[in-house]
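Participant: Attaching a single structure in C-alpha cells format; questions to follow.
Readers should treat all values here as calculations from the given coordinates under stated rules, not as data from a laboratory. Treat the numbers as computed from the prediction; the structure is a model and nothing was measured. Glycine also receives a Cβ, built like all others from the backbone with ideal geometry; neighbour counts cover every protein chain displayed.
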C-alpha cells in the first residue's frame, strides 16, 4: 500500500469510527431537526367514548334526555361556553345538597379551545375502544386489529425511536389498567419496528396499587457497584443464549434507563407514603389517579412523547349521570395536567404541544337502561359514534377553529402524522407506508 | 378313566413346561449411564408471566407460591412495559425477605465450581458448558465482592431463564 492509499483508507476508517455511533436505527446519520415544532408532545386519549352532544357541542341534557333549557358546557377547561344552569348533576357532592350539584371550579384561565386549535368535527375510523386507541397511536384504521394482541401497525413511539433516534425513556404510554389490550399499546408487533423500538409503559393504577407496593415496594436500592456485576454476568449469559429479533419480548432500555425506572417506581411508593404526590384538586376516580401518575412520569423523565389513556366516561353504557360526572372530571384532570406541565416542569413549559382526542364517540339514540335520575344511557356503535373532535394547544399552535358540525375536517388517523410533523419525521412516517393513506398532519388541515 | 390314561397328559405337561423355560439372558450394549439435562438450544417456549413468577418463587423459596400471591404478582409484573425492570424489582423484593433457600456467600466461595454447576442446574436445568464454567470461575475468583444474590439475579433475569 502506498502512502496516499494508506492516508485515504486511514481517513475513511477514522471517519467511520467517529460517525458510526451516531447513526440512527433508521440508518440516517442525524435526527431531522429542521422542522421541529416543539420538544415534547403529550397526548390525552380522552376518555372512553365521548358524545359530541355533551362535549364540544355543549348540549348537556337538552339533546340526550330532552330536557328543555338544559344545554351548557360541562368541560370548561377544554371548551368555551357557559355552564348549564338547570339540573346540575355532573359535579361533586356536598353534604345537604343533591348528588353532583357542585361543579368543579375551572382551572385554566383560558380554555384550550381559546388558546389552541380545535377541530370540532373529526371522523373516527371505528366506534370501538381498542381500535380507536390503537388508531390514535398508530395512525392506521386497523380494522383487522385483534384484541389482546399488540397493534398490527407501528405506534408513534416506534416511529419516534426508529426515525428520530429517541431513547426508550423518551417515549411513554400510561395505561389506565391491564384489561383488554391496554398494556400492549406501547408497541406494535410489526416486523420492521416492534418492541425493540417500543415505548415504556406503566398501567399505573396497577403498578402503583397496594399490590404493586407489596410486590415491588420493598425492592432493594442497589448501588452502581452492585448493579455492574449483575448486568455483566447477565449480559454474558444473554450473549450465550442470543435471542432472535422476533423473540424480543421487552422494551429496550439501557442499564442506566432501567435503573432510573426502578428508582422512579420506588420514589412513587415513597411519595405515596408521605402524601407528596401532586394530584388534581378532585381525585375521586381512577382516571384522576392515572393522570396523576402520568404527571410524575413527565416530571421525572421529561419525555419527548407521552400518551395517557383515560376511560371513565364509558360508564355511559348504563349510567348517564356517571358519564356526565366522569366527563366533567376528565376535563378537570386534563386541564390540571396541562397546567401542571406549565407550572412544575420548566424543561417542558412553553416547549410542549398538548393534544386531546377521544378514541370514539357514542350513539345518537339511547339504549333503554335508566340510571338513578331516570336518564337513558348510550352505547357506541352507530354513525354518531364516529363523530369526534381534536384539540391542540401549546408551543406555536395557532388559536383557530377548523371545520364545524356541517363541515367535518380531520380524521383520528391524523394524530400520528401530526405528532410526526411536530418532531420533523413526517416524511419518514409517510414513506413507511403503514398509516391510513387519507391521514394528514393536522397542521396541513388548517 | 383309568390311572394310566390320567398319568400320560400329566407327564407331557411337565415335560413341555420345563422344556419351554429358558434362562433370561442379561444383554448389555456398552452404553454408559448419562444424566439427561435440558439443552439451551431446545428452549424455544417462552414462559408466560404466571409460569415465570411461579417457577422463580419455587426456585428461591423451595415451596409453591399461593394462587392469590401469584395472581397479584403477575398483574403487577404485566403492568410494567420493561419486563426486565419488573422482574429485577420482583427478585430484589424477594431477596429482601426471609425464608429464601439459597447458599451463603461463604458456601459459594468455599467451592466455586460446585456452586456454578448447581446454579446452572437450578436455574437452567442444564450443566454449564466449559466456557461458561471457565467464565464464572474466573469472574467469581477475581471479584470477591460478588455475592450469591448478584449471581442469582443475573441468572433469574437472563433471557435463557425466560424460556423452557
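Participant: Given bins 10 angstrom wide, list per bin the percent of all Cα-Cα distances in the range A:111-170, short to long.
Facilitator: Per 10 Å bin, starting at 0, the Cα pair percentages come out as 20, 35, 34, 11.
Participant: Roughly how many nanometres apart are two label points built 7 Å out from the Cα toward the Cβ at residue A:65 and residue A:114?
Facilitator: If labels sit at residue A:65 and residue A:114, their model points lie 2.8 nm apart.
Participant: Output the direction-averaged projected area (hull surface divided by four) of the convex hull of the alpha-carbon atoms of the range A:65-192, in nm². Mind showing how you got there, number by number?
Facilitator: Values: hull surface 47.7 nm².
Here the figure is 11.9 nm², rounded to one decimal.
Participant: Tell me the angle of helix A:320-344 to the major Cα principal axis of chain A, expressed in degrees between 0 and 90 and rounded to the nearest ten.
Facilitator: 40 degrees
Participant: So, one more: Once you treat every alpha carbon in the protein assembly as shown as an equal point and sum by Debye, what is log10 I(q)/I(0) at q = 0.08, 0.09 Å⁻¹?
Facilitator: -0.65, -0.78
Participant: How many percent of the alpha carbon pairs in the range B:40-162 exceed a separation of 22 Å? Could you put the intermediate results ahead of the total?
Facilitator: Details: 2775 of 7503 pairs.
Of all Cα-Cα distances in the range B:40-162, 37 percent exceed 22 Å.
Participant: Next question, about the same structure. With an 8 Å cut-off on Cα pairs and a minimum separation of 6 or more residues, tell me the relative contact order of the range A:62-115 in percent.
Facilitator: Computed value for the range A:62-115: 29 percent relative contact order.
Participant: Separate question: For the Cα atoms of chain A, what angle does the longest principal axis make with the long axis of helix A:129-138, in degrees from 0 to 90, nearest 10?
Facilitator: Orientation of helix A:129-138: about 40 degrees from the principal axis.
Participant: So, R0 is 60 Å and r is the distance between the beta-carbons of residue A:101 and residue A:36; what FRET efficiency does that work out to, to 0.05?
Facilitator: Efficiency, rounded to the nearest 0.05: 0.80.
Participant: Moving to a separate point now. Quick one: give the max-minus-min coordinate of the C-alpha atoms of the range A:314-418 along each principal axis, largest first, in Å.
Facilitator: Principal extents (Cα only, largest first): 49, 32, 20 Å.
Participant: May I pose another question? Output the peptides A:220-230, A:388-398, A:370-380, A:149-159 sorted from most to least packed, where packing is the average of other Cβ atoms within 10 Å over each peptide's residues. Each step should come with its number before you reach the end.
Facilitator: On the way: A:220-230: 14.7, A:388-398: 21.5, A:370-380: 17.9, A:149-159: 25.5.
Highest-to-lowest ranking by the protection proxy: A:149-159, A:388-398, A:370-380, A:220-230.
Participant: Between residue B:64 and residue A:192, what is the FRET efficiency for a Förster distance of 60 Å, r being their Cβ-Cβ separation, to the nearest 0.05? Present the calculation step by step, with values, prior to reporting the outcome.
Facilitator: Details: r = 42 Å, r/R0 = 0.70.
FRET efficiency, residue B:64 to residue A:192: 0.90.
Participant: For the range A:98-257, what is the convex hull volume of its Cα atoms per residue in Å³? Mind dumping the intermediate values first?
Facilitator: Details: hull volume 35.3 nm³, N = 160.
Hull volume normalised by residue count: 221 Å³.
Participant: Which residue fluctuates most in the GNM of chain B (Cα springs below 10 Å): B:102, B:15, B:80?
Facilitator: Judging by the Gaussian network model, the answer is B:15.
Participant: What does the extension gain come out to for residue A:271 and residue A:444, with contour length at 0.36 nm per residue minus their alpha carbon separation? Walk me through the numbers before you get to the answer.
Facilitator: Numbers: separation 173, 0.36 × 173 = 62.28 nm, distance 4.31 nm.
Between residue A:271 and residue A:444, full extension yields 58.0 nm more.
Participant: When the Kirkwood hydrodynamic radius is evaluated over all pairs of different C-alpha atoms of the range A:370-446, what value in angstrom, to one decimal, is obtained? Numbers along the way, then the final one.
Facilitator: Numbers: mean 1/r = 0.0672 Å⁻¹.
One decimal place: 14.9 Å for the Kirkwood radius.
Participant: Give me the Debye-computed log₁₀ of I(q)/I(0) at q = 0.12, 0.13, 0.15, 0.18 Å⁻¹ for the range A:47-115, equal point scatterers on Cα only, no solvent, two decimals.
Facilitator: Reported log10 I(q)/I(0), two decimals: -0.32, -0.38, -0.50, -0.71.
Participant: Another question, if that's okay. Along the principal axes of its C-alpha atoms, what lengths does the range A:182-324 span, in descending order and rounded to whole Å?
Facilitator: Extents along the principal axes, in whole Å: 59, 40, 28.
Participant: Given R₀ = 41 Å, what would the calculated FRET efficiency be for residue A:364 paired with residue A:339, taking r from the Cβ atoms and rounding to 0.05? Spell out each step's value before the answer.
Facilitator: Working: r = 34 Å, r/R0 = 0.83.
The calculated FRET efficiency here is 0.75.
Participant: Sequence gap at least 6, Cα distance under 8 Å: using those rules, report the relative contact order of chain A to the nearest whole percent. Don't jump to the answer; show the numbers that get you there.
Facilitator: Working: 936 pairs, mean separation 127.4, N = 446.
Relative contact order here is 29 percent.
Participant: Put a dot 7 Å past each Cα toward the Cβ at residue B:47 and residue A:376; how far apart are the dots in nm?
Facilitator: In this crude label model, residue A:376 to residue B:47 measures out at 5.4 nm.
Participant: Report the Cα centroid-to-centroid distance between the range A:213-273 and the range B:115-145 in angstrom, as an integer.
Facilitator: After rounding, the separation between the Cα centres reads 22 Å.
Participant: Label points 7 Å out from Cα along the Cβ direction at residue B:14 and residue A:144: separation in nm?
Facilitator: So the two model labels end up 8.4 nm from each other.
Participant: Under the definition of Cα pairs under 8 Å and six or more residues apart, what whole-number percent is the relative contact order of the range A:382-446? Before the final figure, lay out the partial values.
Facilitator: Numbers: 38 pairs, mean separation 22.8, N = 65.
Relative contact order comes out at 35 percent.
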